[in-house]
Each structure stands twice: as structure tokens, then as C-alpha cells.
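J.: Following this message is one structure expressed as C-alpha cells.
The values are calculated or read from the model by the stated rules, or taken from the named source; none is laboratory data. Since we're looking at a predicted model, the values are computed, not measured. To get the accessible areas, we keep the full protein, side chains included, count just its heavy atoms, and leave off ligands, DNA and RNA. Shrake-Rupley method; radii C 1.70, N 1.55, O 1.52, S 1.80 Å.
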Amino acid sequence: MVFDSCISEQHTYQVTQQLEKELRLTNLLMDCVTDAVFWVKPNARILYVNDAACSLVGYSREELLCMSIQYLNLEFLMEVWLQHWTTIKQKGSLYFESLYRTQTGLSLPVQTTVTYMEEDGREYGCISIREIKKRQPESFQFPQNPALDIVATKKSSEPCKSIFPSGSQLNQVFKFIESNYNQSIGLRDVAQAVGYSPAYLTDLVRRHTGETVNHWIIKRRMVAARTLLLETDQCVNQIAEAVGYQHEGHFFRQFRQYHDTTPHAWRKMQRQVATSQ
């Protein structure tokens, strides 16, 4: 009996040593991969990261293992992630584009592939991300030159032609946004209107435009807001309500984010430019 017990303990020790050796080898191989890799639980909690992931986002391995993906992904919504997870389990993997935040606050556009894994009844996700170096076409950017803003807002009947891609497979999406941007709408409302799940629509719009659904809603609202600022004397709270914002502060923050100035300052600057021409 003692002899059998010793053999059993020796076998267990050998198996444990072999597993630890294989784990070290796996980690070594993962650290040789050039793409950033995150292993996560179904709730998006980070279990493992490779060296490339640490280098990309600027956090140490110890810091990342105390986080979840939502701290890094600027567009993370738990309800969307859970829907993504259902799709990943069904299809095995899912590809989409998103924005990741570095430790220094820099926003990185990345290509993301999530692969479903299961081991001993436990579920895991392997997230592989690669930074997108190529910039999006200028037609998808917010105008940066004040003179361009004047051109874009002179005729309020034409803004959809200047911001939505022509000949797109997303015409129904853009049509709904165009008709309802001045209401309190969001991703769920657009998805319901076109018959898609929010997760699928998010992935679809990103693949075709490089942007999110909320980006297009905000961009359309900003065009309408610039038109009202330039062509009317309405106060900011009236304009905010007219373009779909329930709170003036929310409108003020988003306008400043996309134009690097306040609505009042933008109106004054644009009118000065217009009178000087």
C-alpha cells in the first residue's frame, strides 16, 4: 500500500511538472506573437495577456490582470458584449473594429478578433487585436476647417449628402437616422428599426464605414446644430433640444469634443468669417 501510494504521488508530481512545462511553453509562444492577445472570461474579465498587449496599451501585466476589457475598449457596452459572446459561441469567432485606450489616454483604432474556447466546462475568449495604421477617408471625418463648416451648413436640405456614404448597403440605417436624429434615439432604436440586433448592427456599420452607429447619429446632429447656430439666433438650449438632446450639458460637451470650441464661440467665429468674405 505504501509502495502504491509513493507511485501515485510520483505520477501526480510528474503530471503536474509536465503541465507546468507546457504552460510555460504556451506563454512563451504567446509572447512571441506580434498581435496583442487578451484571454478573458465571459464577463470580459482579463485572465492573461501577452507582451504585445502590454506594449500596445502601456499597462503592465499585473495591472491588466486586475482589469476587464471595458476599461480598455472605449466603445464597450456590456449588453453588446453579451450579444457578441452569444454570436462567438455559435460561430466560433467574431471580427470587428473598435477603439482601445492606452495608459496615456491615446485612442487606438484596432482590428479585433474574438475566438471562443472551452476547457473542462469553462468558457474563455481569446481576443486578438491589431492596430489600424491606415486613416479613414476624409469624407468620414468631421470638418476641421471653419471655412468648410460654412460650406457644409449653408443649405440645411443637403447635409445628408455630405456625411453619409453614397451607394451604401446601410441606406436603411442612414435613412432612419436622417428622419429621427432630432429625437432621443440610440443604437437600440436604429437596430430595431432595421431589424437587426444591436451587436450585429454595430459590427456591420463598423465594417462598412469604420465608425459606430452613435458616431453617425452625433455627426448628423452636429451638422444640424451648426446650421442652426449659423442661420438662426436661437439660444444653445433651444438648439440642443431641436437636434435631439434632452440636456443642454450633453450637447455642449459633445459639440466641444468634436469642434474643440463651444457653440457660442463657434457661432461668433463663423459669422465673423462670413462677413469678412
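J.: Using the Karplus equation 6.51 cos²θ - 1.76 cosθ + 1.60 (θ = phi - 60°), what ³J(HN,Hα) coupling, rounded to whole Hz, does each residue of the stretch 95-101 give in order, writing x for Gly and Pro?
T.: 10, 7, 10, 7, 10, 10, 9
J.: Still on this structure, please answer the following. What would the Debye equation give as log₁₀ I(q)/I(0) for the stretch 167-277 at q = 0.24 Å⁻¹, counting only Cα atoms as equal point scatterers?
T.: Result of the Debye calculation: -1.25.
J.: If you average the C-alpha positions of the stretch 233-258 and of the stretch 186-209 separately, how far apart do those two centres end up, in angstrom?
T.: One Cα centre to the other: 25 Å.
J.: Right, here's the next one. For LYS268, tell me the accessible area in Å² from a 1.4 Å probe, rounded to the nearest 10.
T.: Counting only protein heavy atoms, the figure is 130 Å².
J.: What is the Å³ per residue value for the convex hull set by the Cα atoms of the stretch 184-224?
T.: Numbers: hull volume 2.7 nm³, N = 41.
Roughly 65 Å³ of hull volume per residue.
J.: From zero up to wherever the largest Cα-Cα distance of the stretch 232-277 sits, split into 10 Å bins and tell me the percent of pairs in each.
T.: The calculated distribution, bin by bin, is 27, 52, 19, 2.
J.: Viscosity 0.890 mPa s, temperature 25 °C: give me the Stokes-Einstein translational D for the stretch 49-115 in µm²/s, with Rh taken as the Kirkwood radius over C-alpha pairs. Could the numbers behind the result be given before it?
T.: Numbers: Rh = 12.8 Å.
So the translational diffusion coefficient is about 192 µm²/s.
J.: List the residues whose amide H sits under 5 Å from the amide H of ASN50, counting only those 5 or more places along or on another chain, with H placed 1.01 Å from N in the peptide plane.
T.: Those qualifying (amide H under 5 Å, at least 5 residues apart or on another chain) are VAL37.
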